[in-house]
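All remarks here apply to the structure that follows.
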2 protein chains.
Amino acid sequence: MLSYTEENYLKALLKLSFQNEEKPEAGTNEMAAYLGVKPATATDMLKKLKEKDLVTYKKYGKILLTDTGKKNGIAILRKHRLWETFLYEKLDFSWDEVHEVAEQLEHIQSAKLVDKLEEFLDFPEFDPHGDPIPKANGEMPVIAKTLLAELKAGDTCSVAAVKDTSTLFLQYLEKLQITIGTKIKIIEVIDFDGSLYVGIAGGEPRSVSMKFAESLFVQKLL
Amino acid sequence: MLSYTEENYLKALLKLSFQNEEKPEAGTNEMAAYLGVKPATATDMLKKLKEKDLVTYKKYGKILLTDTGKKNGIAILRKHRLWETFLYEKLDFSWDEVHEVAEQLEHIQSAKLVDKLEEFLDFPEFDPHGDPIPKANGEMPVIAKTLLAELKAGDTCSVAAVKDTSTLFLQYLEKLQITIGTKIKIIEVIDFDGSLYVGIAGGEPRSVSMKFAESLFVQKLL
DNA sequence: TATAAAAGTTAGATTAATCTAACAAATATT
DNA sequence: AATATTTGTTAGATTAATCTAACTTTTATA
Ligand SMILES: [Mn+2]
Ligand SMILES: [Mn+2]
Ligand SMILES: [Mn+2]
Ligand SMILES: [Mn+2]
């Protein structure tokens, strides 16, 4: 049985492994920063996780999830995203509110609960932020991720996921009536500052910053 | 903010206060036994709860919830029973499976979650075991509780709640196709051992033990 | 009422998770 | 290569929740 805290370390390592593309390893300070603890604390926990064969770790070295560690991490991510979907779809939470509560719900231990919840939600593929929900067997679709910022004038796309999940960004998106699936057309790319002039389905054309364009994953449409 | 453990002590004290009819106080050993800890552990925690003004307690004395303590305890009971109802109604858990998971879910912190959950469940009044669900304001209907064992030959009743919530009893009830609301008619009372010969709506007449009859709360029908 | 039993407390130890402060190793920069 | 910076570790302390073993108070019983 893993403690609440151990689970958080595994999930953090998994998330970091997605972030550092192609390099699924992390450092002590990186982990500590991500989890909001001091490096000394992370060092201790990493030793413990190594004892339990959940990570590979040696002094001053990089940290990597073992197969068991990864399996456990994915199970927690699966619960997190299923609960986010539940809160969003069934309880009318907005997409900037779901994460905090899911951080707690993801630690509930009950295999039956997860699977029944998934069934109740009709086997959703993505969570409210557009992130893929791992299946019971651990499979998780890896979607090619294109940033809005990578598109050119004339391109059209559909919003696939948010890269930045901060409340500020999510609420701004809501204000612009942008949600997962919203169609966006790039009217013009402003070279001066990397901002974009875009048409958002059903709204007036408007300008969005480069920071904005780098925070949104889209699927390019033909 | 209360810890998971503190919450459990408050809920335990509340439950004990319902059990000891008319005497809403509990003793240290009683609390410890109920929570599955040693008396020494309970003593320490009670001192802590007293510091936080959640219980009234003095050395070698009985323990009583303060108003704040009671309010908190009821809030946890409310969550517990709402989650049990969710698991039973929406996720097809059987009534002997819901408790264990609700023990975990009751500690999730989010006022919005509880209230939305209640709304989603259409403001249920009773949980799957027939126990009343406290309202958001702390109100909880106090239902007159009659045991099946108190009835006489010729009486008819409707099952209101289970007194014993053990898996063994709940599964036995399921086997007999008895659930909340099931009508039962007392055909004969066997004085020798207190057992009852009863007719269960839609089934063959059968005999049930005194222990059985003392584990089921019913509402007498006219 | 004296004594035995039950109920409750205290002291001291343990484990998990955290911290700060001091130190050590690895990496980057002149 | 020497030095400075970054990264990571160790030692020692703290807090919450628990335990055991010894002790004290209260209650029951002879
Ligand atoms: Mn999230
Ligand atoms: Mn998400
Ligand atoms: Mn229960
Ligand atoms: Mn119940």
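The values are calculated or read from the model by the stated rules, or taken from the named source; none is laboratory data. Keep in mind that this is a model prediction, so the values were computed, not measured. No Cβ is skipped: glycine too gets one built from the backbone with ideal geometry, and neighbour counts run over all protein chains shown. Quick note on the areas: whole protein, heavy atoms, side chains included, nothing else; ligands and nucleic acids left out. Shrake-Rupley method; radii C 1.70, N 1.55, O 1.52, S 1.80 Å.
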Item checked: Global geometry of the protein assembly as shown, whether rounded, prolate or oblate, following the gyration tensor of its Cα atoms and the 1.5 cut on a/c -> prolate
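Shielding by partners for A:99-111, please: the mean number of other protein chain Cβ atoms within 10 Å of each residue's Cβ. Present the calculation step by step, with values, prior to reporting the outcome.
Values: counts 0, 2, 5, 0, 0, 7, 5, 0, 3, 6, 3, 7, 0.
So the per-residue partner count for this stretch is 3.
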Checklist line | DSSP-loop GluC sites (Glu not before Pro) across the stretch A:89-146, with at most 15 other Cβ within 10 angstrom | finding: A:Glu125, A:Glu139
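So what is Rg over Rh here for the stretch B:4-65, counting just Cα atoms and using Kirkwood for Rh?
Rg divided by Rh gives 0.91.
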Next item on the list: Ignore the peptide's own chain and count Cβ atoms of other chains within 10 Å of each Cβ in B:85-93; give me the average, rounded.
Entry: 3
Checklist line | Accessible area buried, both sides summed, chains B and A with 1.4 Å probe, Å² | finding: 1700 Å²
Check: With every protein chain left in place, what is the accessible area per residue of the protein assembly as shown in square angstrom, probe 1.4 Å?
Finding: 54 Å²
Notebook entry, point to check: Based on the inverse mean of 1/r over its pairs of different Cα atoms, what is the Kirkwood hydrodynamic radius of chain A, in Å?
Noted result: 18.9 Å
Checklist line | Charged-residue dipole, Cβ positions (Lys, Arg, Asp, Glu), the protein assembly as shown about Cα centre, Debye nearest 20 | finding: 1140 debye
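Share of the stretch B:14-53's accessible area from carbon and sulfur, percent, 1.4 Å? Don't skip to the answer; put the middle values down first.
Numbers: 1270 of 2580 Å².
Carbon and sulfur together cover 49 percent of it.
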Note to self: What lysines does A:Lys152 reach when the alpha-carbon gap must be under 17 Å and sequence neighbours fewer than 8 apart in one chain are set aside?
What the structure shows: A:Lys183, A:Lys185, A:Lys211, A:Lys220
Next item on the list: Note the angle between two axes, namely the Cα long axis of helix B:4-19 and the longest principal axis of the Cα atoms of chain B, as a number of degrees from 0 to 90, rounded to the nearest 10.
Entry: 50 degrees
Next item on the list: Per residue of A:60-70, count partner chain C-beta atoms within 10 Å of its C-beta, then hand back the mean as an integer.
Entry: 0
Next item on the list: Would you calculate the volume per residue, in Å³, of the smallest convex hull containing every Cα atom of the stretch B:65-162?
Entry: 127 Å³
Check: Could you give the distance between the Cα centres of the stretch B:137-208 and the stretch A:6-43, to the whole Å?
Finding: 55 Å
Next item on the list: Just reorder B:Lys48, A:Lys11 by solvent-accessible area, largest first, 1.4 Å probe, all chains present.
Entry: B:Lys48, A:Lys11
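Around A:His129, with a cut-off of 11 angstrom between Cβ atoms, what is the net charge of the other residues, counting Lys and Arg +1 and Asp and Glu -1? Spell out each step's value before the answer.
On the way: positive: A:Arg81, A:Lys163; negative: A:Glu84, A:Asp96, A:Asp127, A:Asp131, A:Asp164.
Neighbour charge sum, excluding A:His129 itself: -3.
Quick one: ranking A:Ser3, A:Ser17 by accessible area, 1.4 Å probe, largest first, what do you get?
Numbers: A:Ser3 45, A:Ser17 25 Å².
Ranking A:Ser3, A:Ser17 by accessible area, largest first, yields A:Ser3, A:Ser17.
Which percent of the accessible heavy-atom area of the stretch B:84-222 goes to carbon and sulfur, probe 1.4 angstrom?
52 percent
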Notebook entry, point to check: If each of B:Lys50 and A:Asp53 carries a label point 7 Å out from its Cα toward its Cβ, how far apart are those two points in nm?
Noted result: 4.9 nm
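Summing Lys, Arg as +1 and Asp, Glu as -1, what charge do residues with Cβ under 14 Å from the Cβ of A:Ile178 carry, A:Ile178 excluded?
Values: positive: A:Lys163, A:Lys175, A:Lys183, A:Lys185, A:Arg206; negative: A:Asp96, A:Asp164, A:Glu174, A:Glu204.
That sum, taken over residues with Cβ under 14 Å, equals +1.
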Next item on the list: Give the accessible area for A:Asp53 in Å² (nearest 10); use a 1.4 Å probe, count only protein heavy atoms, and leave out ligands, DNA and RNA.
Entry: 100 Å²
Checklist line | With all protein chains modelled, accessible area of A:Trp83 [1.4 Å, Å²] | finding: 10 Å²
Check: What number, rounded to the nearest 500 deg cm²/dmol, is the helix-based mean residue ellipticity at 222 nm of the protein assembly as shown, given -39500 (n - 2.57) per DSSP H run of at least four residues and division by all its residues?
Finding: -12500 deg cm²/dmol
Next item on the list: Please name whichever of B:Ser3, B:Val218, B:Thr85 sits farthest to the positive end of the charge dipole of chain B, dipole taken about the Cα centre and charges placed at Cβ: Lys and Arg +1, Asp and Glu -1.
Entry: B:Ser3
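Take B:Thr179, B:Thr66 and sort them by solvent-accessible surface of the protein heavy atoms, 1.4 Å probe, largest at the top. Display every interim value, and only then the final one.
Values: B:Thr179 55, B:Thr66 25 Å².
Per-residue accessible area, sorted high to low, gives B:Thr179, B:Thr66.
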